[in-house]
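Shown next, in C-alpha cells, is the structure this report addresses.
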Amino acid sequence: MRRLLFLLFLIPSLCLAQLRIEADRIIYEGKKDVVHFLGNVKVWHNGRYFEAQRITYWPRERKILAEGSCFIKEGGDWIRAKKILYDLRAEQGIIEEGKVFLSERHFYITGKRIKKIGRDRYLLQQATLTSCDDLPSSWKFTAKSLQVKVEGYARASWPGFRVKGVPLFYLPWAVFPVKTERQTGFLIPSLYVSNRYGPVITLPFFWAISENQDATFYLTRHGDGRGRGFKGGVEYRYALNTQNRGEIRVFGLKDRVLGKYRWAIFSRQLHRLPYGIRASLDLNLVSDDDYPSDFEEDIPEETRSEARSKRSLESALDLRKGWSFGEAALQWNYFQDLTTEEDDSILHRLPRATFKLFRRRLGKSALFFDMEVEGVNFFREEGYRGQRLEIMPRISWPSKPWGFLKFESWMRLRSTFYFTDDPGGTYDGFQDRILPEGGFSLSALAIRPYRTPLGEVLHLIEPRLHFDWRPDVPQQQNPHYDSIDRLSPQALFTLELLQRLKGIKDQKEWGYLKLSQPYDIFPGLEPRERLKDLEVEFRLNPGDLLSVSGDLSYDHHNERLSSLNVALSVSYKALNLHGEYRFDRDEEVEGIQVGGSLRVSENLDLWTSYRYNLESRYRVETVYGMRYRHQCWEVGISLEDIGASPDGVQRAEWRVLVEITLRGIGSYGFKGGF
C-alpha cells in the first residue's frame, strides 16, 4: 500500500533537482510565473519515468498540472491517467480517470477520480481492484466510493464483486484494514455440509499479538438441530527466532450427540535452551478414541495419517545436549491406543534417559573405548511397572592387517538392573542381568569406473563379514517391557554385499543394493533357527524419470516373504505416477497406495490417489482432484471417497472440497460431505 500511495502522486519530483526533461516546447510566462512544457513531455528522475502531453508548473503556488496520456513508472509499477493536479504545499491532489498497477501483488486499481485529501488520506470514486490482465476482467472488486487511511482502514460505500462484468453481490458498506502489517480481525468463514448433521460453519478470528506471535480463535457450529453443537478452538503460533518456534492447538466442545465433553490438544515446538540444550515437543492428546475420526479437520496432517494407519497417538518431549565427547538425551513418551477405551495397561516411558560416550582412543594404545547408558521409567496404571538401568561399556580394536582389508574386533559388557513394582508378585523388586557380548567385522572395498549413456559412474563393491556373539543367560526372572529384556543367545555370522553406483560428475547416487544373510552357529539351535531371513535393501535413481526404493526379508524355511516395502515413482513430461506397498507378517500389516497426476495443459492439472488395506480387506480412501489455473484465479476441486473400516470407527462417506483462489487476495474453500 505504501508503494501505491507513493506512485499515486510522484509528480512532486518535478520540483527537485537532477531532473532530465524533454519536450517539444518549453514556455515561461514571467508575469504569471508559470512554466509550460508542451508536446511529448518526458521526465527522468532517480529511476522514475514520467510522460504527458502537457505539464504546467506554478512555482509560486507550488502546483503542478499534467494533462493528456499521463504515465508514471517506477520499477514494475505504473500509473496511467487523463489528468493529474497536485498541490505541493497542501500535499493534496487529484487524478482523473486513473489506473494504477502494483507489480508486487499484480494489482490493477482504477478510479474515476482519485483524491489525496491529506498527508495519509485518499478518496477514490468509482473504484475497482483486480489482478486480471484480461479485459473485461475475469473478476474485480468495485466500490462507489472508497476512503483510505494509510496504516489504518478503508471504508467502502456499496462495495461489490463482479465476474466478467456480472455482479454477484453488493453490500451497503464495508470496513477493512489496509495496513502493511498483520492485523487483528475476522477471517473468511468456512462452510462444510454434513449429510448426518447438516451445515458446519466455522468463524475464525485472527489476533496479531506481535511481530513474532499470533493466534487464531475458532467458533464452529457443528450442524443444525441434529448436530453436535458449538465447538471452540484456538491456535497459537510463535517464532522467536529460527531455533525457538512452535504452535499450540486446543479444541473443546460439549457434544450434544454423545452427551459428553470432548477435547483435543496438539503442539509442535522447537527450542534452544541455555547451555546448548535442544528441546522438541510433539504433543497429541484427545479426549476419546473417536475424536480423530469425528473431527479430522482438527488433527495435524502428520498425526492424521498415524491415527488412521496405526490407530494410536504418541506424544513425546525430547531434551538433548551434545558435546565433542558424547551426547545426553532425556525423553518422555506417552501413548494413546485408539482401539480400546481402556488405556490403563498401556506402557509409557516417563522418562527415558540416555548417554552416549563417543569412541575415543585409550591413551596411546591401538584400542578404542565407547559407552552407552540408558535408564527408563516404565509406567502404567494397571500391571507391573518399574525402572530399568542399562550400562554398556565397549572396547574395540580397528586395524588394517592388509592394505585393502579392514578388520575390527570388539567386546561389550551389558549390565542391566531392574527395579520393579509388581502388585501381582510375579517379579521381585530387584533383578539384574550381566551379559557379555563380542564380535568382529571384516570388510574390503573395490571401485571401478564405467561409461554409460547417462554419463560416467563409479561402481563400488564392498563385501562385509560380521560376527556377533552373546551367551545364554537366564532372563525369564526379569520383567518383560520390550525386546531388550529377552535377548537370545547367538553366535551369528552375517555376510553382506554392498553395491553402489555413483555419478562421477554430479556425485549423485544412481543405485544402491545391500544383501544381508545371517547364520547362527550357537550350540543347541534347531536347523530352522540357524538360517535367518535374507534381508535386501535397494534404491534406484538413474535420473529424473524413475525412482525405486524398498526393502524385504525372505524366510528360507517357509519359502515366503516376512516383510516387503516398495516405493515407486515415474515422471515423464506432464505425467507423474507413484505407488507404495507395505507388508509385514509379524505386525499383520499389508496395504497399497497408488496415485498420479497429469498436467493436461498449462492451465489444467488432474490427480487421483487410492489406498487399500489388504490385511483388513477394505478400501481406505479414493481421491479425485483437478485444478484449473487462470492468470488471476485458480479453482481446485477434490472428491474423497472414504471407505468404512471393519471395526466401524470410520464410517463410509463422500467429501467434496472446492477451493477458489484469487491472485493477490487469497483462497476460500467450501467442504461438503454426504
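The values are calculated or read from the model by the stated rules, or taken from the named source; none is laboratory data. Here the structure is a predicted model, which means the values were calculated and not measured. Positions of Cβ are backbone-derived with ideal geometry, glycine not excepted, and every protein chain shown enters the neighbour counts.
So the values come out like this:
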quantity	calculated
Among (1) part of a loop (DSSP other than H, G, I, E, B); (2) under 24 Å from PRO204 (Cα atoms); (3) touching an Asp or Glu at 6+ places or on another chain (Cβ under 7 Å) - the single one ARG226 does not satisfy	(3)
Residue satisfying all of: in region 500-521; of a type outside the set (Lys, Arg), surrounded by 13 or more Cβ atoms within 10 Å (Cβ to Cβ) and modelled with pLDDT of 95 or more; farthest from ILE434 (Cα to Cα) among these	TYR512
Extreme residue, nearest to the chain's Cα centre (by Cα), among residues of region 584-594 that are in contact (Cβ under 8 Å) with a residue 24 or more places away in the chain and surrounded by 15 or more Cβ atoms within 10 Å (Cβ to Cβ)	GLY591
Selection within region 78-104 - of a type in the set (Gly, Ala, Ser) and not in a strand (DSSP E or B)	ALA90, SER103
Any strands (runs of 3 or more DSSP E) falling wholly within region 257-349 and containing at least 2 residues that are under 26 Å from TYR238 (Cα atoms), touching a residue at least 12 places away in the same chain (Cβ under 8 Å) and of a type in the set (D, E, K, R)	260-273, 277-286, 312-322
From the options TYR238, TYR192, TYR218, TYR197, residue that is more than 25 Å from the chain's Cα centre (by Cα) and either assigned by TED's automatic domain parsing to the domain that holds PHE266 or not polar (S, T, N, Q) (or both)	TYR197
Residue in region 551-574 that is in contact (Cβ under 8 Å) with a residue 40 or more places away in the chain and either surrounded by 15 or more Cβ atoms within 10 Å (Cβ to Cβ) or out of contact with any Gly (no Cβ under 8 Å at 6 or more places or on another chain) (or both) present	no
Any chance HIS466 is without any contact (Cβ under 8 Å) to a residue 40 or more places away in the chain and more than 30 Å from ARG539 (Cβ to Cβ)	no
Condition check for SER562: small (Gly, Ala, Ser) and modelled with pLDDT under 95	no
Candidates GLU496, GLU437, GLU529, filtered to the one that is modelled with pLDDT of 95 or more, of a type outside the set (Phe, Trp, Tyr) and closer than 21 Å to HIS557 by Cα	GLU496
Residue identified as out of contact with any Asp or Glu (no Cβ under 8 Å at 6 or more places or on another chain) and either of a type in the set (D, E, K, R) or modelled with pLDDT of 95 or more (or both) among ILE447, ILE461	ILE461
